[in-house]
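Values quoted throughout were computed directly from the atomic coordinates according to the rules given, and no laboratory measurement underlies them. Computed from a prediction, not measured in an experiment: that's the story for all the values here. When we count neighbours, we look across all protein chains shown, and the Cβ atoms used for this are built from the backbone with ideal geometry, even at glycine.
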Amino acid sequence: MESNSLKVYIRTYGCQMNEYDSEIMAGLLENSGYHLTDNPAEAGVILLNTCYVREKVKHKIYSRLGELKKLKEEKPELILGLCGCLVQKEPEEVLRRAPYLDFILGTSNFYQLPEVLEDISGNHNRESQSGDKYARVVRVEEDRAIPEGMPKLRKRRFSAFVSIMRGCNNFCSYCNVPYVRGREVSRPCKDILREIEELAQKGYKEVTLLGQNVNSYGKESREKVDFADLLGFVDQIEGLRRIRFTTSHPKDLSDKLLEKMAELDKVCEHLHLPVQSGSNKILSRMKRGYTREHYQNLVDKLRQAIPEIALTTDIIVGFPGEEEKDFQDTLELVETVGFDGAFTFCYSPLKGTEAAQLEERIPEETSGQRLRRLIELQQKILLRKNEFLVGKEVEIMVEKISKKSSDELQGRTRTNKMVVFEGRKELIGNIISVKIVASGCWALRGEVSSC
């Protein structure tokens, strides 16, 4: 019978980089004799890998911790830990609000998890024997090098995340990523290629290259390999069929990279290019380092080089000082570009960022109204673009059984659009052709035309 003390529940909040880090922690734990569980009630160890991009997410994490506190009161032997960006940004606040935590690990210390659990397990054993209370483990260091070659327990079978760099040097006024992830550090090219080659040998068909700003890859390195060069090397890996990457910063999207994207067969025709605002005044306040004209020029170049490319973006409304004219500039840019998707948010001040000190705060009611208007416009654009695909044949990689029906499967096109269709489970993991027969805002419906 498997001991509950060796069962670990991991909950991941936030971006793909956090998911990648969780896969590393899961792999390290598996190698140390632990077993993952989806049920926190049966776990001996519970770990939350945290995000801190908005206050709303922070509140959600503390709310979840409150629930887990009750579980820990019922099971005193339960080991409860927190890691990730929230811990890195405000470790003292975390410990003040959740003094019942057994350990916290920063973004540069997460890989020490098995060692930390071994220490805590020993402490718990000694505590039960002597009655003495042992101190929690706190490891929050800055810019600590992350070792290469760590095991990973991948969540998906045919598509994988691969980190190519960590950190960010941009210091946008609203963002705390440079403070919680540190400065940019690129992984050696050979280590990235080795990881992807091993994935291809295991049958993985798609990789998504991750970085806070992949376009900056290699700038601080002595290797003299930039992101365009790296894409070229990855494209040559045998067995790999698709390459995606995120995130790209508009100010660092070079003509060389654009040409490589158009030239390389395995690079998918999709680019997530966060614009954040269509107003030059607001872009300047955000310290984004480009203008709307520069962004529009990039879009024109991309569409000329890759006519079928799908563009998605991030947009913040209600940034301090945003007047109606600034918001209209954003709506006009959204209409002109015609995005295939947009992650849209009301501005949320983050403690310690420059923007949090700005005056001219926009009332929540005004921000909320603007967000609704933006979403309504983007949905109209997306419906129009998706309707255009009806009747066309598209290539999709089948990912999994549909959440809505066990008789249906779902997969993604090269342009990152979700397609739902009736099909056999054996198709999962295959790249097939489907005909689009109906469109919606969030998904397309297809029929299998060949396997």
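What to note about this one:
- PHE161 long-range amide H proximity, modeled H, under 5 Å: THR208
- Of LEU427, SER449, ASN416, farthest towards positive along the dipole that unit charges on Lys, Arg, Asp, Glu beta carbons give the range 393-450: ASN416
- Pairwise Cα distances in the range 270-387 exceed 24 Å for 25 percent of all pairs.
- Taken about its Cα centre, the range 4-139 carries a charge dipole of roughly 560 debye when the Cβ of each Lys and Arg holds +1 and the Cβ of each Asp and Glu holds -1.
- Cross-link check: pairs LYS224/LYS351; LYS89/LYS287; LYS219/LYS266; LYS56/LYS256; LYS385/LYS425; LYS380/LYS403 evaluated at a Cα-Cα cut-off of 27 Å; pairs beyond the cut-off: LYS224/LYS351; LYS56/LYS256; LYS385/LYS425.
- Spacing of the two label points (7 Å from each Cα toward its C-beta) at ARG183 and ASN169, in nm: 0.8 nm
- Computing FRET efficiency as 1/(1 + (r/R0)^6) for LEU36 and GLU93, where r is the C-beta to C-beta distance and R0 is 51 Å, gives about 0.95.
- Convex hull volume of the Cα atoms of the chain, normalised per residue: 158 Å³.
- Cα-Cα P(r), the range 156-268, percent of pairs per 5 Å interval: 2, 12, 23, 24, 19, 12, 6, 1, 0
- Efficiency of FRET between THR366 and GLU387 - r from beta-carbon atoms, R0 25 angstrom, step 0.05: 0.20
- Pairwise inverse Cα distances across the range 4-139, averaged and inverted, put the Kirkwood hydrodynamic radius at 14.9 Å.
- Charged neighbours of GLU55, selected by a Cβ distance under 13 Å, balance to +3 (K, R count +1; D, E count -1).
- A protection proxy built from the mean count of other Cβ atoms within 10 Å ranks the segments 93-106, 300-313, 17-30, 63-76, most packed first, as 17-30, 93-106, 300-313, 63-76.
- Partner aspartates and glutamates for LYS155 [C-alpha distance under 19 Å; skip if fewer than 8 residues away on the same chain]: GLU19, ASP21, GLU23, GLU30, ASP38, GLU195, GLU197, GLU198, GLU206, GLU399, GLU426
- Its residue count N fixes a reference of 2.2 N^0.38 Å for the range 1-59, and the Cα radius of gyration divided by that reference is 1.22.
- Förster radius 41 Å - calculated FRET efficiency between LYS281 and SER63, Cβ distance, rounded to 0.05: 0.70
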